[in-house]
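Single-structure report; data block below.
The values are calculated or read from the model by the stated rules, or taken from the named source; none is laboratory data. Everything quoted here is computed from the prediction, not taken from an experiment. Note: ideal-geometry Cβ built from the backbone for every residue, glycine included; neighbour counts use all protein chains shown.
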Amino acid sequence: MAGPGTRPTAVLFACGMNAVRSPMAAGITEKLFPGQVYVRSAGVRQGKLDPFVDAVMAEIGIDMSSHYPKTFEELDESGFDLVVTLAPEAHHKALDLTRTEAVDVEYWPTMDPTLASGSREQIMDSYRSIRDQLMMRIKKRLNWTPPPSG
């Protein structure tokens, strides 16, 4: 179990369909903590790939092309120190699935950028906003420090 101030070694990010928020969070965590934190993502329901996620993640150098949305049941893994839920339904599911395990479950309320409307650029801005919020939250929660420049 990873208490406040300690970095978990295995993190699961979860949202509704594992198509937008949780894969973004997993991709960011993998980039910030390469080889340091085992990361997976899952959803409550089956989702499908979202091209806006690929686009906004590519802007920060993260390739999402190998992501395939999975449900909690398809994940078929346990042993996470921390489960971060990004949607209410994912939080309830995570609490239910982990009630007999020593695992921290944290709820980070995160807007669903798929609800954005307007021009392509306005929609992209909504996805960028969520990406950037997740980046800040992950850096803070997992005690990220920039690599020494050299």
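Structural remarks
- Checking each residue of region 82-102 against the condition of being in contact (Cβ under 8 Å) with a residue 12 or more places away in the chain, among the hydroxyl-bearing types (S, T, Y) and crowded, with 22+ Cβ neighbours inside 10 Å gives at least one match.
- Enumerated helices (runs of 4 or more DSSP H) restricted to region 14-81, each holding at least 2 residues that are at pLDDT 95 or above: 21-32, 51-58
- When residues of region 126-140 are limited to those that are in contact (Cβ under 8 Å) with a residue 40 or more places away in the chain and charged (D, E, K, R), the one surrounded by the fewest Cβ atoms within 10 Å (Cβ to Cβ): K139
- V83 vs. criteria under 15 Å from the mean Cα position of the chain (by Cα) and aliphatic (A, V, I, L, M): yes
- Residues that are under 18 Å from A26 (Cα atoms) and among the polar types (S, T, N, Q) within region 119-144 comprise S129, Q133, N143, listed in sequence order.
- Considered as a group, the residues in region 130-150 that are within 14 Å of the chain's Cα centre (by Cα) and not basic (K, R) include one that is farthest from T110 (Cα to Cα), and that residue is L142.
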